[in-house]
Every structure is written in C-alpha cells, then in structure tokens.
C-alpha cells in the first residue's frame, strides 16, 4: 500500500526531469590528455586565425595595388594619344601663320582635317555612314522628319556626324529622316 506522502513524492518525481547521469571522475592521465587536446586545438585555432588575417591583409594590399595600377594605366594610355595630337597642334600653328594668304590657309586647314581624321582612325574611331541609309536607332538620333519621295525612315540629311569606337557607338549621328 502506498501512503499519501509517497504518492506526492512519486508525482514530484514524474514532473521533475531526470538528473543527468554523473560522469565518473576522470583519472589524472585522462585529464592531462584532454588538456593536451584542448591546447592543440587552441593552437590550431590561433594558426588558422593568423593565416586568415594574413590572407585578408594580402587581399587588401592586392586590391590597393591593382587600383593604383589601373589609375597609372589610364594616365599612360592618354600619353600615346597626346603624342599623336602634338603634330596636329604644330600644323595648326603653321596654318595660322599663313592667315594672310587665304588659299594657303584653306589648304592648311584641309591638311589638318585629314591629319586629324587619320589620328582618329589610328585610335579606332570611325564615322557612322548615314548617306541614303535606313534609320537605325542604335546608331542614329532623329532630330527632324520631312515629307519626301524616299522610302519612309530613310536618312535624308546628316545634321551632325556620329562616330563609332571599335564598333561601338561613341556618338550617335543626328539626322533628318523621311516620313
């Protein structure tokens, strides 16, 4: 027969979580072994942390170095273009000295224009061909439309020349097209 006090105690025991089993005390050898493992793992963590810090520092240095190289590259890329433009400047100076002789001045300006077009071609810049072409929204910008006996959306007149740089539009041609 179960007494009243025992029933309450049994109910308490049912509601209480069972206590975890207590581990048996470890021997000194086991404790030393665990300490050694812990120290080794801490050393490994320190080594990995140090390696991570070094890799991060190297990456930051690499990033800064490449940014600096890109800036320098852009600056030196301009040097070649500027060197090509200097003879053009010389030609302008010579032409301006001939401004009293109208025919020589005009001839000088035509030569400078040809020289300038040649420099642009060397750099990969070419004019967009528009004469008699069909309107292309990727290459042309319509400023005016006019009634014409030509087929609809055919370029009648180029108002401002457009240019391609290595096949990509540098500046759209501004054109007048037929309606």
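Each reported figure results from applying straightforward, stated rules to the coordinates on display, with no laboratory input. Quick caveat: nothing in here was measured; it's all calculated off a predicted structure. Positions of Cβ are generated from backbone atoms using ideal geometry, with glycine treated the same way; all protein chains shown enter the neighbour counts.
Things to note:
- Crossing angle, helix 4-15 versus the chain [Cα axis fit, 0-90 degrees, rounded to tens]: 20 degrees
- Counting every other Cβ atom within 10 Å of each residue's Cβ, 67, 100 order from fewest to most as 100, 67.
- Measuring nothing but how far apart in sequence close Cα pairs (under 8 Å, 6+ apart) lie, relative to its length, the chain scores a relative contact order of 14 percent.
- Theoretical FRET efficiency, 1/(1+(r/R0)^6), r = Cβ-Cβ of residue 44 and residue 65, R0 25 Å, to 0.05: 0.20
- In terms of its C-alpha gyration tensor, the range 126-179 has a prolate overall shape, because the principal axis ratio a/c (a ≥ b ≥ c, square roots of the eigenvalues) is not below 1.5 and a/b outweighs b/c.
- Against the chain, whose longest principal axis comes from its Cα atoms, helix 28-97 is set at around 10 degrees.
- 0 to 90° range, to nearest 10: angle between helix 102-122 axis and the chain longest Cα axis: 30 degrees
- C-alpha center-to-center spacing [the range 39-74, the range 104-163] in angstrom: 52 Å
- The ellipsoid equivalent to the alpha-carbon distribution of the range 71-115 has semi-axes of 30, 9, 5 angstrom, derived from the gyration tensor eigenvalues as √(5λ) and listed largest first.
- The range 56-156 shape via C-alpha gyration tensor axes, a/c threshold 1.5: oblate
- Neighbour counts of C-beta atoms inside 10 Å place 28, 140, 172 in the sequence 28, 172, 140, starting with the fewest.
- Going from the fewest other Cβ atoms within 10 Å to the most, the residues 163, 138 appear in the order 138, 163.
- Of all DSSP beta bridges confined to the range 126-179, the antiparallel ones make up roughly 60%.
- Three principal axis lengths of the chain [C-alpha, angstrom, descending]: 132, 46, 22
- Calculated FRET efficiency for the pair residue 77/residue 37, C-beta based, R₀ 45 Å, to 0.05: 0.15
- Helix-only [θ]222 nm of the chain, DSSP H runs n ≥ 4, -39500 (n - 2.57) each, per residue, nearest 500: -21000 deg cm²/dmol
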